[in-house]
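**Q** A single structure is presented below for examination.
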Amino acid sequence: MKKIILAAIIVFTIALNCSCSSDDDRNTLDNDSISAVVTAMNSGTWRVTKYIDGENNETADFSGYNFTFTENNILMASKDDEIMGSWLVVTDDSNGRSSNTYLDFIISFSGPAKFLDLTDDWDIRLSTANKLELVDGSGGDGATDYLTFEKN
């Protein structure tokens, strides 16, 4: 099971790193930041406090869900049921930037539909011990998505 999840994360990471995105809103982070983000996310449970899909506020879709980011890159969303996905923090070396300039927060779910919307390589705008703000320039329509997790 772990091998399948790890293989899926690797394939997903490679595919997403080959895509183009706008990096205008990103904070510059160094390699030590990967450890800081991972440590923060591994601590406790988190909730979605903002999810803006283009111009649509879809935060309520995740109301009541607690997200647990495990050390082995498993992402669990729990409410009345449990939804399993994966997560990973990686350096982004696309667009000719050095590999330690920006960080991406990769989320992957295989379903249900509302969780598929979270599946993406998000740019980290802010990372603290209690808050993670993510942004993503969507496909060809030019819309920007925003996702914020806050610690419970």
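The values are calculated or read from the model by the stated rules, or taken from the named source; none is laboratory data. All of these numbers come straight from a predicted model, not from anything done at the bench. For neighbour counting, all protein chains shown are included, and Cβ atoms are generated from backbone atoms with ideal geometry for every residue, glycine included.
**Q** I'm trying to understand the selection: among the residues of the stretch 43-78, which are within 20 Å of I106 (Cβ to Cβ) and exposed (fewer than 12 other Cβ atoms within 10 Å of the Cβ)?
**A** E71, N72
**Q** Okay, next question. Scan the stretch 51-81 residue by residue and report those that are under 14 Å from the mean Cα position of the chain (by Cα) and farther than 13 Å from D117 by Cα.
**A** Once the filter is applied, which keeps residues that are under 14 Å from the mean Cα position of the chain (by Cα) and farther than 13 Å from D117 by Cα, the stretch 51-81 yields F67, T68, F69, T70, N73, I74, L75, M76, A77.
**Q** Same structure, new question: Does S33 satisfy being at pLDDT below 95, more than 28 Å from G142 (Cα to Cα) and surrounded by 14 or more Cβ atoms within 10 Å (Cβ to Cβ)? It would help to see each step written out before you state the result.
**A** Working: at pLDDT below 95: yes; more than 28 Å from G142 (Cα to Cα): yes; surrounded by 14 or more Cβ atoms within 10 Å (Cβ to Cβ): yes.
Yes.
**Q** I need a count of the residues in the stretch 48-79 that are of a type outside the set (S, T, N, Q), in contact (Cβ under 8 Å) with a residue 12 or more places away in the chain and either on the phi > 0 side of the Ramachandran plot or assigned to a strand (DSSP E or B) (or both). Walk me through it before giving the result.
**A** Kept after step one, since they are of a type outside the set (S, T, N, Q), are these residues of the stretch 48-79: 48, 50-55, 58, 60-62, 64-65, 67, 69, 71, 74-77, 79.
Then keep just the ones that are in contact (Cβ under 8 Å) with a residue 12 or more places away in the chain; that gives 48, 50-55, 58, 61-62, 64-65, 67, 69, 71, 74-75, 77, 79.
Then drop every residue that is not either on the phi > 0 side of the Ramachandran plot or assigned to a strand (DSSP E or B) (or both), which leaves 48, 50-54, 64, 67, 69, 74-75, 77.
Here the count works out to 12.
**Q** For residues that are over 17 Å from R47 (Cα atoms) and assigned to a strand (DSSP E or B), tally how many sit in the stretch 105-124.
**A** Residues that pass the stated criteria total 3.
**Q** Of the residues that make up the stretch 82-99, is at least one closer than 24 Å to S43 by Cβ, part of a loop (DSSP other than H, G, I, E, B) and either over 14 Å from the mean Cα position of the chain (by Cα) or modelled with pLDDT under 95 (or both)?
**A** There is no residue in the stretch 82-99 that is closer than 24 Å to S43 by Cβ, part of a loop (DSSP other than H, G, I, E, B) and either over 14 Å from the mean Cα position of the chain (by Cα) or modelled with pLDDT under 95 (or both).
**Q** Moving to a separate point now. Which count do you get for residues in the stretch 130-143 that are modelled with pLDDT under 95 and surrounded by fewer than 16 Cβ atoms within 10 Å (Cβ to Cβ)?
**A** Residues that pass the stated criteria total 6.
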